[in-house]
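Note sheet for the following structure.
The values are calculated or read from the model by the stated rules, or taken from the named source; none is laboratory data. All of these numbers come straight from a predicted model, not from anything done at the bench. Please note: Cβ atoms are built from the backbone with ideal geometry, for glycine as well, and neighbour counts cover all protein chains shown.
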Amino acid sequence: MGSKREKVEELLKNIPKEGFLKVTKSPEQQLDNDKRIALIRKGNELFNRGEIELAKRIFITTGYSDGLIRIGDLYMEQNLPLEAFRMYYMAPYPKKVNEMLEKMAAIVRKWLKEEIEGSDNGNRQNR
């Protein structure tokens, strides 16, 4: 099995070139209010029936923040933090986004600290 550095580099290679977030123009501005309300109701029905992907598409299309947050919460319960982050970011839900960014930054700091400590120990052993 490879070193931590090799594992991190392998993980970084798998990051999509377009990044983790797909940001587009606001589609809810293209819908009239009646259509938007009808779609949101349909999205809520789908969500309640467990048809999450269809509900998510509707919530994204309509820019329905509450629905996106509920899907983000569901993804967190399913241990899918990057998907949850996307939903919170699109909602937008700054409190959750900032909390998650802090956690991600702490993880990266920990990895960097381990990498530095690991390379320091390696240098000492080679002396």
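The conditions of being in contact (Cβ under 8 Å) with a residue 24 or more places away in the chain, touching a Ser or Thr at 6+ places or on another chain (Cβ under 6 Å) and surrounded by 14 or more Cβ atoms within 10 Å (Cβ to Cβ) are met by residue 40. With respect to residue 72, determine if the residue is on the phi < 0 side of the Ramachandran plot, of a type in the set (Gly, Ala, Ser) and either at pLDDT below 95 or surrounded by fewer than 19 Cβ atoms within 10 Å (Cβ to Cβ) (or both). So residue 72 does not fit the description; no. When you look at residue 103, is it loosely packed, with under 13 Cβ neighbours inside 10 Å, among the charged types (D, E, K, R) and either assigned to a helix (DSSP H, G or I) or out of contact with any His (no Cβ under 6 Å at 6 or more places or on another chain) (or both), yes or no? Judged against the criteria, residue 103 is a match.
One residue stands out among those in the stretch 58-93 that are of a type in the set (Gly, Ala, Ser) and assigned to a loop (DSSP other than H, G, I, E, B): the one that is nearest to the chain's Cα centre (by Cα), which is 91. So for the stretch 35-48 (the condition being over 29 Å from residue 6 (Cβ atoms), at pLDDT 95 or above and not in a helix (DSSP H, G or I)), does at least one residue qualify? Taking every residue of the stretch 35-48 in turn, none turns out to be over 29 Å from residue 6 (Cβ atoms), at pLDDT 95 or above and not in a helix (DSSP H, G or I). With respect to being in a helix (DSSP H, G or I) and modelled with pLDDT under 95, residue 11 fits the description. Taking residue 28, is it more than 22 Å from residue 102 (Cα to Cα), modelled with pLDDT of 95 or more, among the charged types (D, E, K, R) and outside any loop (DSSP other than H, G, I, E, B)? It is false that residue 28 is more than 22 Å from residue 102 (Cα to Cα), modelled with pLDDT of 95 or more, among the charged types (D, E, K, R) and outside any loop (DSSP other than H, G, I, E, B).
Identify the residue in the stretch 45-69 that is out of contact with any helix residue (DSSP H, G or I) (no Cβ under 7 Å at 6 or more places or on another chain) and at negative phi and, among all such residues, is surrounded by the most Cβ atoms within 10 Å (Cβ to Cβ).
65
If the condition is being of a type in the set (A, V, I, L, M, F, W, C) and surrounded by fewer than 16 Cβ atoms within 10 Å (Cβ to Cβ), then the stretch 78-100 contributes 80, 82.
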